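Q: Mind having a look at this structure? Questions to follow.
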Amino acid sequence: MNVRGLSKLVIVSIVIVIAVVAGIAIALMGVMAPKRMTVVVIGTLDPVVHLDPRKAYEFMSCEVLYNVFDTLVRYDDVRKEYIPWLAERWDVSPDGKVWTFYLRKGVKFHDGTELTAEDVKYTFESALKMFKEGVAEPAWMIESVFERVEVVDKYTVRFYVKVPSLVLPVLSFTVCAPVPKEAAERLGEKFDLKPVGTGPFKVVEFKPDEYLILEKFEDYWNKEAAAKVDRIIIKFFRDASALRMALEKREVDIAFRHLNIEDYADLEKKTNLVVIKGRPPFIRYLIINCKKLPDVRVRKALAYILHSIAVPEIVEKVFKGYAEPLYSLVTPCLEKYFKPVFKKYVLPPDEAKAKAIELLRAAGYSESKKLKLILGYSLLHYGPLEPYVAEVIKSALETTGLIEVETKGEEWGTFKKHFREGVFDIHLLGWYPDYFDPDNYLYPFLHSSSSGPVFGCFYANPEVDKLLEEAQKVVDVEKRAELYHKVQVILAEDVPIIPLWIPTYEYAIVFWKDIKGIRLTLEGILWLYEISK
Amino acid sequence: MNLADLILGRKGLRKSLEYKMFMTGLSIVTTLVVIAVLAPYIVPWDPYKPAAEEYIPPFTDPRYPLGTNFLGYDVLSRVIWGTRNSLLVAFLAVMIAASVGIPLGLLSGYVGGYIDRALSLIMDSVYAFPGIILAIALAFVLGPGIVNVAIAIAVIYVPTYFRVIRACTLVVREQLFVEAAKAMGADFITIMRYYVAPNVLTAAIPVLALNFADAILTEAGLSFLGVGLPPTEPDWGVDVSAARGDIVRGIWWTTFFPGIMIFVATLGFTLIGEGLPYLLNPRQRGRIR
Amino acid sequence: MATLRTYVIARLLLMPVMVITLLTLVFIILRVLPGDPVSVILGPKAPPEVVEELRKALGLDKPLHIQYIDYLGKILHGDFGLSYYWKIPVRDLLWPRFLATLELSLLAMVIAIALGVTLGALGALKRNTVIDVVTRLIGVASYAVPVFLLGLMMQLILGVYLGLFPISGRISSEYIGQFRPITGLYLIDTLIQGRLDIFVDVLKHLVMPATALGFIISGVINRMTRQSLLEVLDKEFIIAARARGIPEDRILTKYALRNALIPILTIAGMQFALLLAGAVLTESTFSYPGLGTFLVTSVTYRDYNAIQGAIVLYAIVVVIVNTITDILYAFIDPRVRY
């Protein structure tokens, strides 16, 4: 056979192969379609990093783990109080230092073993040990709130505590969710990829940065909170456009954290999709370096400009209404504790400007001797719009004619190092609460022990320190509210920090109409078991 | 052949495709340089501030001929200012690369021996490596900023100059006039400066043009990936990256215009680099890369 | 053949040297230049003694030359360390992503060769006509167009307006977890498991990124094809064939192209570095979960070990591929030997 004939043969055989393959493909597509379970696919840009609750500290990791693990108690955002969950009930000693929890009997872990007090003790102790090794970041909460754990009997566990008011908030965070001692010890590091919990969903497969498959746990103890779908797949996307496309083509049923802000507004118009704007417990704020700006008049001038000129523009222009001005460090989601103390800095723009100029002049600044500020911000940590926020703040402050602002965008690691060293005069930060309690919104920022070293604020007021410490010892809600109101009033007087806005855009969710049961709770949890299709 | 012959297209050059390519490239580049230099005087709006409401489509409002982006920045002003930044980074990168690569190439080629072998090995390794990946690592460590990006890009091109110059030097150093100079007792510096360098530098010119093209592309790529210029800086790569989310909403002008400028600028320098070697030496068809 | 053998041996011996040179370069960039991995790993609330301990655990308290030796030793044992961000071995993260990149790159290369050879052959055959000019200009354009612009425009037109292809990713969510990744190349895995529906889905995801990337690479192949065909067409046996009155297009396919094909393919292999570089941007544009996206993501997370691992893997792959193509090239073209 000559060469030409050979090549003809090759071509003919290729054509035949393609035809056969295509034929089989078409035939198989009908037959092979697998039996459909009810599957709900959630698309997100926010990575899940850890599935070991002792290690998980990123928002999305915890979000998933709330559905894979159960905590001893849980915050009920309808009744606005802590309710029994894995623990049936609990006693508190009169001084608030000893808490005894009675575990529900017959609660099964995903591997079939039963939850016992031994597991709870193990969870706390192993978390602390891992914390010391630097691998269990959120376990600082256990360390700062609890003294030690004691097993009373198989279903009773006793905590000796340092900070009575924080026992319930911390116990309801994922870091305190019991892990099974036997499985956790056996799996070691691997527990982080394939965890065993007591929750309504179990983890089937986790590919970091690609997908996470959750499956209904049939033996879940609480039939009322059992999963309503067979599977939930969480798919991780790299960019918001891709997520939007996938949602529109129904490759995903739900898009959660984050589409582009413009997309939310755009998708609101579509009839087959639902957009819900939640009010997240997250806050954004500006830290003032009190070492560099010790004059309270200057700080008040900044508050006037920011709340009357900059924040409205940021909310409307940069975030297109997907944000809400914030008037205290405490989130308004904690209704009992929230006091909108910064409202007094909201004036018509001209009045606010006049007020700020007056204060700045009184502090000794003029056109020839301008207040020079370095505004630090993180380039990507808070999303791609941060630089534009910084620009708005800069031009708002500069309208006074007495301030000159230099913006400095830095990568997160460098930024963190710099603001702690006090390099900037003012800098933009954000806060996701560790636990849903006013303490977490005030103590870290304003107590002199952490204000400087953690936030670069360097605020120290003995009166505030005392109030914050006192509030930690009190368990009674009314009394605590009173103390925290006092702190917030002082905050608005001293202005070491200016609360700015609530990032609604980080807590909006879009889903197809036939998906039911989606609710964004005030404490920031999306309960997956409530979802049905 | 001198430059005047070249530009005026004498000696029958005018007909060749290479000549046309070269001239097209030259006019594109000249226009861009003029835009870059005059940018502060010709931008209709401040490219650092919103000019109007967001997403005005192009060709509808004469005040914003190319439309506005998601924050209401004027696209035309951003594109004009972006020319300035892109060319500046590319220019710095090429200059840094040439000023490191050329002396090293001369040294390596002329001196030879172990120095030559060691340098060649390092340069060959870097040369073999995908440029943008090295640049990502460097840009990551150095942080954003015009000079930092320029340095990150420059590192990629040092080996290119090194290789070209070294190869030429190897030929030139065997030439009689170098031997003569050596015999007359000229010192190393003198030989390099007056005898070797002038004879090898012409080889670097087409490389320069092609590197310019590549540098613009690489800078845009780095900025697109978020490791180039800071995100508020008007820059083609930054602007495409910031606007890529618009695509799904069918909004094309915010990515298209900055994107096409990257293409045009790169094309301009590529055409020069393509045409030049042929025009300088019509018998040579290959491209020096 | 003695010289060829010497060249091959020399080239093979050079391979580890080049790898080590590149590893050193990576070390210098990531470790010697400023930057603090520890502050990245630990959150804001880590006590100072934990910071110190971690510093020790990571060996960052040791002198640089010791760190360098540790680093080389670990990599030579295939240990890329733990990802600071994902807290799992970097090696486990790299491998599936590398295979994804490989799948994309191979397909892109096929497209590049098809496109480049066709255009180049067309140009050579119709030398100095409009067709020649057009094919050459397409070649020049392929050098100049940023792959992400091409990608975004394809997404806009083919994805958003026409809805032909998915605009990003590697596989549709509904197929996730429905087949076992045996080779890691999804096209092969789905075929051998008889899941043609998934095969089609994966292929649809690959079309746009592979075409965009393929077009970028096609320019070099286009030029090479044209050039080597022109050279071959000037050779005596072609002139003889022409003299015998064999039609021009048969001369091209039967004599010229066959002679030029092997060098063209080898040169295509040499574009591997260009391909990988282009793949980084392509993957990022299409959110394709390959090594490039992984590198860029790791940069945003400042995950030092992951960045280092990805770059080292790139380096090793590039050196191996370059060595192979250099040797192949030496077999074809005796002039390259030193």
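Q: Among the residues of the range C:236-258, is any out of contact with any strand residue (DSSP E or B) (no Cβ under 9 Å at 6 or more places or on another chain), within 14 Å of chain B (Cβ to nearest Cβ) and not hydrophobic (A, V, I, L, M, F, W, C)?
A: No: zero hits.
Q: Open to solvent by less than 40 Å² (accessible area, probe 1.4 Å), facing chain C (nearest Cβ under 7 Å) and either aromatic (Phe, Trp, Tyr) or more than 28 Å from B:Ala152 (Cα to Cα) (or both): is that true of B:Val248 in this structure?
A: yes
Q: Oh, and also: Out of the residues in the range A:223-260 that are open to solvent by 30 Å² or more (accessible area, probe 1.4 Å) and assigned to a loop (DSSP other than H, G, I, E, B), which is nearest to C:Pro209 (Cα to Cα)?
A: The selected residue is A:Arg238.
Q: So if I check each of A:Pro94, A:Pro47, which one is assigned by TED's automatic domain parsing to the domain that holds A:Lys228, outside any helix (DSSP H, G or I) and over 16 Å from A:Val170 (Cα atoms)?
A: Only one candidate qualifies: A:Pro47.
Q: Also, quick follow-up: Got a sec? Which strands (runs of 3 or more DSSP E) wholly within the range A:142-216 have at least 2 residues that are acidic (Asp, Glu)? Break it down into steps so the answer makes sense when it comes.
A: Values: elements: A:146-153, A:156-161, A:201-207, A:211-216.
Fully inside the range A:142-216 and qualifying: A:146-153.
Q: Among the listed residues A:Glu133, A:Glu205, identify the single one that is open to solvent by 50 Å² or more (accessible area, probe 1.4 Å) and closer than 13 Å to A:Arg54 by Cα.
A: Details: A:Glu205 fails: closer than 13 Å to A:Arg54 by Cα.
From the options A:Glu133, A:Glu205, the qualifying one is A:Glu133.
Q: Taking C:Tyr85 as meeting all but one of (1) open to solvent by less than 20 Å² (accessible area, probe 1.4 Å); (2) within 12 Å of another protein chain (Cβ to nearest Cβ); (3) modelled with pLDDT of 80 or more, write down the number of the exception.
A: (1)
Q: So, in the range A:458-513, exactly how many residues are of a type outside the set (Val, Ile, Thr) and under 22 Å from the mean Cα position of the chain (by Cα)?
A: Filtering the range A:458-513 for residues of a type outside the set (Val, Ile, Thr) gives A:458-463, A:465-473, A:476, A:478-486, A:488, A:491-494, A:496, A:499-501, A:503, A:505-508, A:511-513.
Those still in the list that are under 22 Å from the mean Cα position of the chain (by Cα) too: A:499-501, A:503, A:505-508, A:511.
Looking only at that region, the number is 9.
Q: Find all pairs meeting these conditions: Cβ atoms under 8 angstrom apart; at least six residues apart or on different chains; first residue within the range B:55-79 and open to solvent by less than 30 Å² (accessible area, probe 1.4 Å); second residue in a loop (DSSP other than H, G, I, E, B) and among the basic types (Lys, Arg).
A: Within 8 Å, the pairs are B:Tyr73/B:Lys49.
Results for (1) under 22 Å from the mean Cα position of the chain (by Cα); (2) under 30 Å from B:Asn69 (Cβ atoms), shown as yes or no for each residue.
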{"residue": "B:Arg173", "(1), (2)": "no, no"}
{"residue": "B:Phe177", "(1), (2)": "no, no"}
{"residue": "B:Met184", "(1), (2)": "no, no"}
{"residue": "B:Met192", "(1), (2)": "no, no"}
{"residue": "B:Tyr195", "(1), (2)": "no, no"}
{"residue": "B:Ala213", "(1), (2)": "yes, yes"}
{"residue": "B:Phe224", "(1), (2)": "yes, yes"}
{"residue": "B:Gly250", "(1), (2)": "no, yes"}
{"residue": "B:Phe269", "(1), (2)": "yes, yes"}
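Q: Would you confirm whether or not the range C:90-109 contains a residue that is away from chain B (no Cβ under 14 Å), more than 25 Å from the chain's Cα centre (by Cα) and open to solvent by less than 50 Å² (accessible area, probe 1.4 Å)?
A: No, because not a single residue in the range C:90-109 is away from chain B (no Cβ under 14 Å), more than 25 Å from the chain's Cα centre (by Cα) and open to solvent by less than 50 Å² (accessible area, probe 1.4 Å).
Q: Next up: Going by what's in this entry, would B:Tyr41 be described as without any contact (Cβ under 8 Å) to a residue 12 or more places away in the chain and either within 30 Å of C:Met18 (Cβ to Cβ) or away from chain C (no Cβ under 14 Å) (or both)? Spell out the reasoning first.
A: On the way: without any contact (Cβ under 8 Å) to a residue 12 or more places away in the chain: yes; either within 30 Å of C:Met18 (Cβ to Cβ) or away from chain C (no Cβ under 14 Å) (or both): yes.
When the stated conditions are applied, B:Tyr41 passes them.
Q: Out of curiosity, is B:Leu229 modelled with pLDDT of 85 or more, touching a helix residue (DSSP H, G or I) at 6+ places or on another chain (Cβ under 6 Å) and at the interface with chain C (Cβ under 9 Å from one of its Cβ atoms)?
A: Here the answer is no, as B:Leu229 does not meet what is asked.
Q: Can I ask one more? What is the one condition in (1) within 12 Å of chain B (Cβ to nearest Cβ); (2) over 27 Å from C:Tyr304 (Cα atoms); (3) surrounded by fewer than 20 Cβ atoms within 10 Å (Cβ to Cβ) that A:Ser448 does not satisfy?
A: Answer for A:Ser448: the failing condition is (1).
Q: In addition: How do the pairs read when you match residues in the range A:398-412 that are within 12 Å of chain B (Cβ to nearest Cβ) with residues anywhere that are assigned to a loop (DSSP other than H, G, I, E, B), using Cβ under 6 Å and keeping only pairs 6 or more apart or on different chains?
A: Pairs that qualify, where the first residue is within 12 Å of chain B (Cβ to nearest Cβ) and the partner is assigned to a loop (DSSP other than H, G, I, E, B), are A:Gly409/A:Leu379; A:Gly409/B:Pro230; A:Glu411/A:Leu379; A:Trp412/A:His381.
Q: Working only within the range A:451-476, note down all residues that are open to solvent by 60 Å² or more (accessible area, probe 1.4 Å), in a helix (DSSP H, G or I) and among the aliphatic types (A, V, I, L, M).
A: Matches in the range A:451-476: none.
Q: Give the number of residues within the range A:277-333 that are closer than 20 Å to A:Asp494 by Cα and surrounded by fewer than 17 Cβ atoms within 10 Å (Cβ to Cβ).
A: Counting residues in the range A:277-333 that are closer than 20 Å to A:Asp494 by Cα and surrounded by fewer than 17 Cβ atoms within 10 Å (Cβ to Cβ) gives 5.
So that you can scan it fast, the table gives a plain yes or no per residue for (1) facing chain C (nearest Cβ under 10 Å); (2) in contact (Cβ under 8 Å) with a residue 24 or more places away in the chain; (3) among the charged types (D, E, K, R):
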residue	(1), (2), (3)
B:Gly101	no, yes, no
B:Leu104	no, yes, no
B:Gly109	no, yes, no
B:Gly113	no, no, no
B:Leu134	yes, no, no
B:Leu138	yes, no, no
B:Ala152	yes, yes, no
B:Val155	yes, yes, no
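Q: Kindly provide the set of residues from the range C:146-188 that are free of Cβ contacts under 8 Å to residues at least 24 places away in the same chain, surrounded by fewer than 22 Cβ atoms within 10 Å (Cβ to Cβ) and within 14 Å of chain B (Cβ to nearest Cβ), ordered by number.
A: The answer is C:Met153, C:Leu156, C:Ile157, C:Val160, C:Tyr161, C:Leu162, C:Gly163.
Rundown of residues vs (1) out of contact with any Lys or Arg (no Cβ under 6 Å at 6 or more places or on another chain); (2) free of Cβ contacts under 8 Å to residues at least 60 places away in the same chain; (3) closer than 26 Å to A:Thr521 by Cα, yes/no style:
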residue: A:Ile276; (1), (2), (3): yes, no, yes
residue: A:Arg284; (1), (2), (3): yes, no, yes
residue: A:Cys290; (1), (2), (3): yes, no, no
residue: A:Asp295; (1), (2), (3): yes, no, no
residue: A:Val298; (1), (2), (3): yes, no, no
residue: A:Leu306; (1), (2), (3): yes, no, no
residue: A:Pro312; (1), (2), (3): yes, yes, yes
residue: A:Val318; (1), (2), (3): yes, no, yes
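Q: Does the range C:50-69 include one or more residues that are open to solvent by less than 40 Å² (accessible area, probe 1.4 Å), out of contact with any strand residue (DSSP E or B) (no Cβ under 8 Å at 6 or more places or on another chain) and at pLDDT 80 or above? Show your work before the answer.
A: Initial filter on the range C:50-69 (open to solvent by less than 40 Å² (accessible area, probe 1.4 Å)): C:50, C:54, C:59-60, C:67.
Filter once more, keeping what is out of contact with any strand residue (DSSP E or B) (no Cβ under 8 Å at 6 or more places or on another chain): C:50, C:54, C:59-60, C:67.
After this cut, where a residue has to be at pLDDT 80 or above as well, the list is C:67.
Yes, some residue in the range C:50-69 is open to solvent by less than 40 Å² (accessible area, probe 1.4 Å), out of contact with any strand residue (DSSP E or B) (no Cβ under 8 Å at 6 or more places or on another chain) and at pLDDT 80 or above.
Q: Hey, another quick one. For the condition within 23 Å of A:Tyr75 (Cβ to Cβ), part of a strand (DSSP E or B) and either of a type outside the set (Lys, Arg) or in the same structural domain as A:Val274 (by TED's automatic domain parsing) (or both), what is the one hit in A:Ile518, A:Ile509?
A: A:Ile509
Q: Then there is this: If you take the residues of the range A:507-519 that are touching a residue at least 12 places away in the same chain (Cβ under 8 Å) and over 13 Å from A:Ala255 (Cβ atoms), which of them is least open to solvent (accessible area, probe 1.4 Å)?
A: Residue satisfying both the conditions and the ranking: A:Gly517.
Q: Within the range C:278-318, which residues are among the polar types (S, T, N, Q) and within 12 Å of chain A (Cβ to nearest Cβ)?
A: Hits for the range C:278-318 are C:Ser284, C:Thr285, C:Ser287, C:Thr293, C:Thr297, C:Ser298, C:Thr300.
Q: Tell me whether the range A:426-440 contains one or more residues that are part of a helix (DSSP H, G or I), under 23 Å from A:Ala303 (Cα atoms) and of a type in the set (Val, Ile, Thr).
A: no
The values are calculated or read from the model by the stated rules, or taken from the named source; none is laboratory data. Nothing here was measured: the structure is a model prediction, and the numbers come from that model. Glycine gets a Cβ as well: all are built from the backbone with ideal geometry, and neighbour counts include every protein chain shown. Note: accessible area is taken over every heavy atom of the protein model, side chains too, but ligands, DNA and RNA are not part of it. Shrake-Rupley method; radii C 1.70, N 1.55, O 1.52, S 1.80 Å.
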